[in-house]
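Chemist: Here's a structure for you.
Nothing in this text is a laboratory measurement; each read-out follows from the coordinates by a stated rule. The model shown is predicted, which means the values in this text are computed figures rather than measured ones. Note that we place each Cβ from the backbone using ideal geometry, even for glycine, and neighbour counts take in every protein chain shown.
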Amino acid sequence: MSTPRPTVAAVVAQAADAYQARYGSAPAQRRIFRDLVACRTAALGGHKQQCPQCGHEVFTYNSCRNRHCPTCQGPARARWLAARAAELLPVPYFHVVFTLPAPLAPLALHNKRVVYGLLFRAVALTLRTIARDPQHLGADVGFLAVLHTWGQTLQHHPHLHCVVPGGGLSRDGSRWIPSGSHFFLPVRVLSRQFRRTFLRLLRAAYRQGKLRCRGSLARLADPTAWRHWLEPLERTEWVVYAKPPFGGARQVLKYLARYTHRVAISNQRLVAITDGRVSFRWKDYAHGHQHRTMTLDAVEFLRRFLLHRLPRGFQHIRHYGVLGNRRRAAALARIRVLLGAPPGPDAPEHADRGDEGPPRDACPQCGTGRLVVVATLAPVDAPHPRAGPPAWNTS
């Protein structure tokens with residue numbers, strides 16, 4: 001009998017009690033634990049499908065739909081990617097990453113909604129300000145920004161990934177101004193503008209009493225200590241990294257599929273859960289992108305995983321500039337006209353599939369029939385990955 005693949009839910013099932021005994025837990029953390037363990041088990045109910053052609057039966061449990069659940073993100077990602085595919089322009093795309101300096105990470109951890117929001121705002125202002133400068137591009141740009149708060153070993157590392165079309169609209173909207181095919185905007189200029197803009201916004205948030213300075217940050221409640229703490233950040237170089245342009249639309253979507261709908265770690269990176277310890281794969285970027293394996297105490301693994309819990313309702317994927325939500329449809333149509341490109345394609349009919357394979361309801365046994373729901377599964381009380389036989393409701 002094959003050994004089940006290790007999952008984050010399995011780590012939670014084994015170590016959640018020990019985690020709460022060591023650290024306690026907030027209601028939002030307990031909800032994550034509960035949802036991940038219950039996901040696709042009898043605790044959430046489900047349904048029974050049957051193929052009318054060959055009689056094959058398939059039993060499926062419902063998913064928890066928690067944004068932090070590695071199991072649930074595949075279908076949501078596929079639907080989102082299908083919508084983005086219809087918006088791609090026939091121009092080069094650039095990948096720009098803005099990273100908060102390490103000293104700011106603890107402040108962000110205790111003020112997630114405020115500091116992550118400032119990060120989005122500072123990056124948007126930076127890209128749009130520099131792009132509008134006639135010395136650089138002299139155009140209004142649009143872009144997609146995705147928040148990541150983790151590094152490969154699950155430590156707290158807030159940064160923003162931006163996918164930017166190579167060019168923008170002239171200020172009067174009469175023409176498309178392309179960037180160079182291998183260069184978008186100068187990284188050093190972006191870095192210093194980002195530093196200046198973020199620190200200005202951060203100081204304003206502090207003056208308005210929006211930041212909590214507790215625990216190891218309690219000394220920063222004193223304005224003098226706060227000013228002294230910020231001074232080194234004004235002198236250091238902030239990391240802005242511009243990757244080479246994508247090879248084409250397919251590569252843009254491949255990138256987005258990797259980076260959008262996931263939090264901290266995927267189940268595929270887990271190697272083993274043995275004797276209260278969790279092993280997972282990670283990429284060592286500091287040493288030639290070598291693939292390595294790290295093993296952590298299960299409680300420490302959960303502690304690091306929960307560092308990346310997002311505030312309720314917080315939008316970690318945002319659109320800005322001419323591609324902002326209110327302007328995007330009209331702007332895309334205008335840009336395609338200026339580029340002499342055909343209208344954008346509609347989203348694929350089966351947008352929830354995310355590939356060109358058979359329909360999700362195709363019978364896996366005969367391959368020709370379509371599965372039909374013939375019964376529902378009532379939820380049971382005990383959320384556990386190995387819950388007992390379901391109680392079918394065929395009424």
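Chemist: Which of F33, F305 has the fewest other C-beta atoms within 10 Å, and how do the rest follow up to the most? Could you put the intermediate results ahead of the total?
Modeler: Numbers: F33 21, F305 24.
Ascending Cβ contact count within 10 Å gives the list F33, F305.
Chemist: May I pose another question? How many Lys pairs in the chain lie less than 22 angstrom apart by Cα atoms, where the lysines are 8 or more positions apart or on different chains?
Modeler: Taking the chain as the scope, the lysine pair count is 4.
Chemist: Between R132 and R5, with labels modelled 7 Å along Cα→Cβ, what's the label distance in nm to one decimal, could you check?
Modeler: Between R132 and R5, the label points sit 4.7 nm apart.
Chemist: Hey, fewest Cβ within 10 Å first, where do L306, L371 land in order?
Modeler: In order of increasing Cβ crowding within 10 Å: L306, L371.
Chemist: Can you tell me the mean projection area, over all orientations, of the convex hull of region 218-329's alpha carbons? Units nm², please.
Modeler: Projected over every direction and averaged, the Cα hull of region 218-329 covers 12.6 nm².
Chemist: What is the sum of charges, Lys and Arg at +1 and Asp and Glu at -1, for the other residues whose Cβ falls under 15 Å from the Cβ of E57?
Modeler: Net charge in that neighbourhood comes out at +1.
Chemist: Taking 7 Å along the Cα-to-C-beta vector as the label spot, tell me the C54-L339 distance in nanometres, rounded to one decimal.
Modeler: About 4.4 nm, to one decimal.
Chemist: Here's another thing I want to ask about it. At a 4.7 angstrom Cβ threshold, list every cysteine in the chain that has nobody to pair with, or say none.
Modeler: C162, C213
Chemist: Testing the spin-label approximation: label points 7 Å from Cα along Cα→Cβ at A286 and A86. State their distance in nm.
Modeler: 4.5
Chemist: Hey, another quick one. Extension gain N267-A362, at 0.36 nm per residue separation less the Cα-Cα distance, in nm?
Modeler: 31.7 nm
Chemist: Also, quick follow-up: Helix-derived [θ] at 222 nm for the chain: sum -39500 (n - 2.57) over DSSP H runs of at least 4, divide by residue count, nearest 500?
Modeler: -11000 deg cm²/dmol
Chemist: At what distance in angstrom do the alpha carbon centres of region 10-78 and region 142-189 lie from each other?
Modeler: Computed from Cα coordinates, the inter-centre distance equals 34 Å.
Chemist: I need the shape label for the chain. Rule: rounded when a/c is under 1.5, else prolate if a/b > b/c, else oblate, with a, b, c from the alpha carbon gyration tensor.
Modeler: Oblate, because a/c is 1.5 or more while a/b does not exceed b/c.
Chemist: Once the piece of chain linking D297 and A205 is laid out straight, how much longer is it, given 0.36 nm per residue of separation minus the C-alpha distance between them?
Modeler: 29.4 nm
Chemist: Quote to one decimal, in nm, the extra length available between A18 and Y259 on full extension: 0.36 nm per residue of separation minus the C-alpha distance between them.
Modeler: Values: separation 241, 0.36 × 241 = 86.76 nm, distance 3.08 nm.
Roughly 83.7 nm would be gained on extension.
Chemist: Still on this structure, I have one more. Quote the FRET efficiency, to the nearest 0.05, computed for L230 versus V187 with a Förster distance R0 of 22 Å and r equal to the Cβ-Cβ distance.
Modeler: With R0 = 22 Å, the Cβ-Cβ based efficiency is 0.45.
Chemist: Taking the beta-carbon count within 10 Å as an exposure proxy, list T129, T41 from fewest neighbours to most. Please list the in-between numbers first.
Modeler: Values: T129 15, T41 23.
Going from sparsest to densest Cβ surroundings: T129, T41.
Chemist: Once R0 is set to 30 Å, what does the formula 1/(1 + (r/R0)^6) return for the Cβ-Cβ distance between V373 and I317, expressed as a FRET efficiency to the nearest 0.05?
Modeler: Calculated transfer efficiency: 0.40.
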